[in-house]
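First up is the structure itself, then whatever we jot down about it.
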Amino acid sequence: CAPAAGTFPSSKPQEETCLRRRSSSRLSRFSAPSAAGRDRTTLWGVLGIILGLLCCGILGIVFGYLSIRDAKRFGQSPVLGYLAIAFGVLNIIGSGVLWAGGNYPLYND
């Protein structure tokens with residue numbers, strides 16, 4: 001905070017006010033409760049894990065990214081998002097290995 005016009009730069013009341021403003025803005029940015037229905041961290045994470053494991057590795061990665069983004073936005077754990085991305089990547093790698101070996105169940109050549 002800049003000192004107010006006409007005041008001595010080290011005035012105690014203004015310094016306390018600036019500190020309160022800074023700390024309250026940090027608190028409101030990181031620990032404010034989110035509105036109900038807006039936080040979809042768990043939804044994106046679970047969808048990413050299910051789709052990443054069962055069928056669509058790319059969708060697992062996309063939903064994992066969305067879960068991580070919302071987790072950072074709402075101050076929650078991004079573990080579900082990381083798991084969704086990992087399972088999506090494993091699905092893609094596993095599908096590639098099966099396809100290359102000629103054992104891919106949905107591709108009958």
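The values are calculated or read from the model by the stated rules, or taken from the named source; none is laboratory data. What you see is a predicted model, and the numbers here were worked out from it, not measured in a lab. Using ideal geometry, Cβ is built from the backbone for each residue, glycine included, and neighbour counts are taken over all protein chains shown.
Laid out as a table, the results:
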quantity	calculated
Residue match in the range 24-43 (condition: in a helix (DSSP H, G or I), touching a helix residue (DSSP H, G or I) at 6+ places or on another chain (Cβ under 6 Å) and at pLDDT 95 or above)	no
Odd one out for residue 104 among (1) modelled with pLDDT under 95; (2) of a type outside the set (Asp, Glu); (3) in contact with an Asp or Glu (Cβ under 8 Å, 6 or more places away or on another chain)	(3)
